[in-house]
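Colleague: I'd like to ask some things about the structure below.
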Amino acid sequence: MSRRTLLLLALTCAVGVGNIYFPQAVSPLAGAGLGVGPDAAAATVTATQIGYTAGIFLLVPLGDRLPYRPLLVTLLALCSAALLTAGLAPTLPVLVAASVLVGTTTVAAQLIGPMAAGLAAPGHRGATMGTLLSGSIGGMLLARTFSGTLGERLGWRAPYLVAAAVVVLLAAVLFRALPATDLPRTRRSYPALLAEPLRLLRTEPELRRSGLYQAAVFAGFSAVWTCAALLLTGPAYGLDAEAVGLLALVGGPTMVCTPLAGRLTDRRGSDPVTFLALAGVLLAAVVLLSGGRGGTSGLVALVLGTLVLDIAMQCGMVANQARVYALRPDARSRLNTAYMTCVYLGGSAGSWLGVHAYGRLGWPGVCALMAGLAAVALARHLGRVRRAAGHQDGPR
């Protein structure tokens, strides 16, 4: 795999992941434009994540059955059509339904990860995953800024329509750039492929714990970013959607930290990086708690807390994916399906729980939710590490 191909795949990850995150910044504008409250409009964020979870479960296993180029190009074309439908939606229910379709079809990053893992040398797999995740992070950060800024100037529909054009252009580039020579990794039937991730979850304990760790982290992450738009546009700050997008830019250093986490994973293994990631989420929850009070000090707390949270979440993703991809080289797409389904089920639940926690307890409730989830995962991880150390020190 050439450097140019790796960078193109990273760009594809950026665009695919960006389609999940830009509704977080533009949902209050969509609510105002469609005549509904911001809490109701936040359903578009949850709908996109639910669709993404469904796409991971239903479509990503096909990466072990079908050649990558036609599969990626077809999904990107369908995603462009779904984004166009969302941008033209006349009512909130139509927008929510289109958001589900956007999420379902924008799973390119989850197909690219297993493909790149198979092409990378074993000693460089973590670094390759770090590069792809850097692209995903860039898409996540710029998508929020792009949608917030464009939405404030041209209305909430503009980000969806521009994204539709970008995705169809990328589909054309990939059609010309990717080789069409890769062979199927399995000839199992589609129903068998769908059943395989569930079987892998039953039989692979390392897959289960990786899914648990990242599901907990991503649930807290989704809760914070879904409710950050409500906090910043609410009475505590009185800012606009553009400010939500600008806040996302503070996660820029994550693009540097993620490849470093990949190299650390290659050298030291996944467990130390996992510990740092979970501890980082707890630290972020403490810092973010002060963000609910408003004013300059509150905004500084939001900036620092979201930066720590972004770094922790992405470093945990690198460590957990490296652990998962090492389990079964012949079934990486199916392993990734099982893992990412767990992760995005956690993210969907986190968005839903976050909105309800914010409505009942305000911003402190969101921070408490994130801290509780991280604490559960960290306790599980420390118990696993202690048991492993006990086995190593025991009689031989």
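What follows draws every value from the coordinates through simple rules; no lab data is involved. Note that this is a predicted model, so its numbers are computed, not measured. When we count neighbours, we look across all protein chains shown, and the Cβ atoms used for this are built from the backbone with ideal geometry, even at glycine.
Colleague: Please sort 29-42, 373-386 by packing, taking for each peptide the average over its residues of neighbouring beta carbons within 10 angstrom, highest first.
Modeller: 29-42, 373-386
Colleague: Could I ask something else about it? Using the C-alpha gyration tensor of the range 1-136, what are the square roots of 5 times its eigenvalues, in whole angstrom, with the largest one first?
Modeller: In descending order, the three semi-axes are 31, 15, 11 Å.
Colleague: Order these peptides, 199-208, 296-305, by their mean beta-carbon neighbour count within 10 angstrom, highest first.
Modeller: Going by the mean number of other Cβ atoms within 10 Å, highest first, we get 296-305, 199-208.
Colleague: Could you tell me which residue out of 44, 142, 373 lies farthest along the dipole of the range 3-393 toward its positive end? Charges go on the beta carbon: Lys and Arg +1, Asp and Glu -1, centred on the Cα centre.
Modeller: 373
Colleague: Of all the Cα-Cα pairs you can form in the chain, what percent are over 31 Å apart?
Modeller: It works out to 32 percent of all Cα pairs.
Colleague: What does the helix-only formula give at 222 nm for the chain: each DSSP H stretch with n ≥ 4 adding -39500 (n - 2.57), the total divided by the residues, and the result rounded to the nearest 500 deg cm²/dmol?
Modeller: Helix contribution divided over all residues of the chain: -28500 deg cm²/dmol.
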